[in-house]
Amino acid sequence: MSELMTAPSARPEWQALQAHAVAMRSTHLRDLFAADPARGERLTAEAAGLYLDYSKQRITDETLTLLLALAEATGLREQIAAMFSGAKINNTEQRAVLHVALRAARDAVIEVDGHNVVPEVYAVLDRMAAFVDQVRSGVWRGHTGQPIRNVVNIGIGGSDLGPAMAYEALRQYSARELTLRFVSNVDATDFVEAVHDLEASETLFIVASKTFTTMETMANAHSARQWLISRLGDETAVARHFVALSTNAQAVSEFGIDPANMFGFWDWVGGRYSMTSAIGLSTMLALGSGSYHAMLSGFRAMDEHFRTAPFAQNLPVLMGMLGVWYTSFLGAETQAVLPYDQYLRRFPAYLQQLTMESTGKQVRRDGAAVDYETGAIYWGEPGTNGQHSFYQLIHQGTKLIPCDFIGFCHSLNPLGEHHNLLMANMFAQAEALAFGKSAEAVAASGTAEWLVPHRTFPGNRPSSTILADRLTPAVLGALVALYEHLVFTQSVIWGVNAFDQWGVELGKVLAAQIVPELASSGEPALSHDSSTNALIRRYRAGRG
Ligand code: F6P
C-alpha cells in the first residue's frame with residue numbers, strides 16, 4: 001500500500017517558486033553579476049575534494065531560499081535519514097535502499113530488519129580483494145595453467161555502465177598488463193569484437209547480473225561459455241574462467257558457476273546504484289584493492305557530507321534543487337554534463353541510467369499523476385569535442401540547457417600546454433554561455449549591420465562548474481556519489497520513487513513474445529498492431 005502524499009505542487013513553497021520563476025525569466029546573469037561583485041565567490045560550496053561554483057545559475061538569494069524552503073517542507077532531511085537508516089523507501093518493491101552501506105566504515109552499524117548489514121558488506125569486499133590478489137599475482141590460473149591476462153565483464157545497465165565508466169575513468173591507476181573489456185549489448189558484434197583477439201586460456205569472464213535472468217547478459221554469458229569450451233575443449237574449464245556477481249545464487253549455480261566463485265549482494269542495492277557492490281569486481285581487478293578502497297572512501301566522504309551538511313552548503317542538495325528549478329519551474333528539458341577530461345568520456349552515459357531510470361516517472365509514490373515536469377534528459381560529451389559539435393545550439397539555439405562543467409587543476413597526462421588549453425576552453429565556454437555578447441558590442445566591433453543578429457550571443461545560459469585537484473579514485477567516488485544523491489534529492493521533491501524501473505518491463509515482455517515469432521519455421525499467427533506485424537513479416541521475408 002502506498003502512503004498518501006501531499007501533492008508537491010500544492011505546497012505554498014512550490015507556488016512561491018512558480019511566482020518567483022515568472023520574475024526570474026527576464027533576469028539576466030549579466031545583471032546579477034553586475035549587482036554583486038562577490039557573486040562568483042559567494043555562490044560556491046566545497047566537499048569531498050569537489051569545489052562547486054553555481055554562481056552562473058539563474059538564481060538569486062531569494063531563489064535559493066525558496067528552493068531550500070521547499071526541500072525542508074518536503075521532508076528531505078527526514079528522507080535522507082530514512083535512507084541511511086535502512087527504511088524501506090523503495091515503496092513499490094518494499095525494499096530498503098542502502099547503497100551507502102556498501103561504502104560505510106567497517107565499524108559502522110546499518111540495519112535492515114534489525115540486522116546489521118555492514119559485516120556482510122565487508123565479508124564480500126574481503127573475498128573480492130583476496131580473489132583480486134590471486135588473479136593479479138598469477139596465483140589464480142586458467143584451466144590450462146595460464147595466468148589471467150584478460151577480463152571480460154558481461155552485464156548490462158547497472159551491471160555494465162558503472163564498471164565500464166570507472167575503468168575508463170581510472171585507467172591511469174589500472175594494471176596495464178590486464179586487458180579489460182565490457183560486453184553488454186545482445187548484438188553479437190559486441191561479444192565477438194570484445195573477444196576476437198583474446199586467448200581463451202588467459203581470459204576470465206565476469207557474469208554480472210543482479211537478477212541473473214537478464215536476457216542480454218544470459219545470451220552473452222552462454223555464448224562466452226561456448227566460446228571458451230570450444231577453444232579449451234573441456235566443459236570443466238568453466239570453473240577457472242567464470243565468476244558471477246549476483247543476488248541470485250540459485251540461477252548462478254544453474255548456469256554452471258560454482259557458488260564459491262560468486263560474489264553476492266543484496267536486494268537493497270539497486271542496479272544503477274550498484275557500482276560499489278560486488279558489481280565493482282572488474283574495477284577492483286583493474287585497480288587493485290587499495291585504490292578500490294580509496295574510491296570507496298571518496299563515495300563515503302560525499303555520503304557523509306550529504307547526510308550531515310546544512311542544505312545551503314550541501315552539494316547534492318544544491319545541485320538537485322537547481323535541477324528541480326530548471327525542470328519544474330523554468331521549462332528546461334535536458335541537462336548537459338560536460339567533463340573536460342577524456343578519462344570521463346563514459347560519465348555522461350553512466351549518468352543517463354542513474355538519472356533517467358530513477359526520475360523518469362509520471363506518477364508519484366502514491367500512484368497519483370504528477371502535474372509538473374520530472375526527470376531531465378541527461379546527455380553530454382567530453383570537452384572540447386562537444387564544442388565543435390552541439391555547443392552551437394546551447395549558445396544560440398532556442399532551448400534552455402543547463403550545463404555541468406567538470407574539470408581538474410592537474411592533468412593525469414601533463415603534456416606541453418594541453419591542459420591549460422583544455423581548461424581555458426572550459427572556463428571560456430561557461431563565461432560565454434552566461435554573459436554572451438550583446439548586439440551593441442557586436443556592432444561596436446565593426447560588424448556589418450545585417451550580420452549583427454547572427455553574431456550576437458544572448459547569454460543567460462546557466463551552468464555549474466565542478467573543479468577538483470585531479471582525477472583520483474577518491475575524487476571519482478565523490479563525483480558519482482554527488483550525482484547519486486542529487487537524484488535522490490530530486491526524487492524526494494517530485495515525490496517519485498527513484499529506485500524502481502517498471503517502465504522497462506513492457507518492452508522485455510513483448511520482446512520475449514516476438515523472439516519465437518522471428519524464429520518459427522512456419523508462418524506464425526501475429527497479433528500485434530499492423531505496423532509491428534508488417535515489420536515482422538518483412539524481416540522474416542528478408543531472412544528468407
Ligand atoms: O533494464 C532494467 C534493468 O533492470 C536495470 O535497472 C539494471 O541495471 C539492468 O536491467 C540489469 O539488470 P541485472 O543486473 O539484473 O542483469
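Observations
- Cα centroids of segment 1-38 and segment 78-117: 32 Å apart.
- Prolate/oblate/rounded label for segment 114-287 (Cα gyration tensor, a/c 1.5): rounded
- Size of electric dipole in segment 454-544: Cβ of Lys, Arg +1 and of Asp, Glu -1, about Cα centre, debye, nearest 20: 500
- A DSSP coil position with no more than 14 other Cβ atoms inside 10 Å describes the following trypsin sites (Lys or Arg not before Pro) in segment 350-450: LYS399.
- Computed [θ] at 222 nm, deg cm²/dmol, the chain (DSSP H ≥ 4; -39,500 (n - 2.57); rounded to nearest 500): -14000 deg cm²/dmol
- Per the Kirkwood formula applied to alpha carbons, segment 503-542 shows a radius of gyration over Rh ratio, Rg over Rh, of 0.98.
- Kirkwood hydrodynamic radius of the chain, from inverse mean 1/r over distinct Cα pairs, in Å: 25.2
- Based on C-alpha pairs under 8 angstrom that are at least 6 apart in sequence, the chain has a relative contact order of 19 percent.
- DSSP-assigned coil residues among trypsin sites (Lys or Arg not before Pro) in segment 145-245, each with at most 14 further Cβ atoms within 10 Å: ARG176
- Fraction of beta bridges assigned by DSSP in the chain that are antiparallel (%, nearest 5): 30
- Projecting the Cα atoms of THR60, LEU98, ILE80 onto the dipole axis of segment 51-104, where Lys and Arg carry +1 and Asp and Glu carry -1 at the beta carbon, places LEU98 farthest toward the positive end.
- Extent along principal axes [Cα atoms of segment 99-188; Å; largest to smallest]: 45, 33, 27
- Calculated on alpha-carbon atoms, Rg and Dmax of segment 423-544 in Å: 27.0, 75
- Where labels lie 7 Å past Cα in the beta-carbon direction, separation of TYR539 and GLU449 in nm: 6.0
- A prolate overall shape is assigned to segment 247-359, the ratio a/c of its alpha-carbon gyration tensor axes (a ≥ b ≥ c) being 1.5 or greater and a/b exceeding b/c.
- Given their separation in residues at 0.36 nm each and the Cα-Cα distance between them, ALA239 and ALA312 gain 21.0 nm when the chain is fully extended.
- Put a plus charge on the Cβ of each Lys and Arg, a minus charge on the Cβ of each Asp and Glu, and nothing anywhere else: the dipole of the chain about its Cα centre is then about 560 debye.
- Stretching LYS88 away from SER521 to a fully extended chain increases their span by 151.1 nm, per 0.36 nm per residue minus the current alpha-carbon distance.
Throughout, read-outs are computed from the coordinates displayed, never taken from laboratory work. Small disclaimer: the values here were computed from a predicted structure and weren't measured. Neighbour counts run over all protein chains shown; Cβ positions are idealised from the backbone, glycine included.
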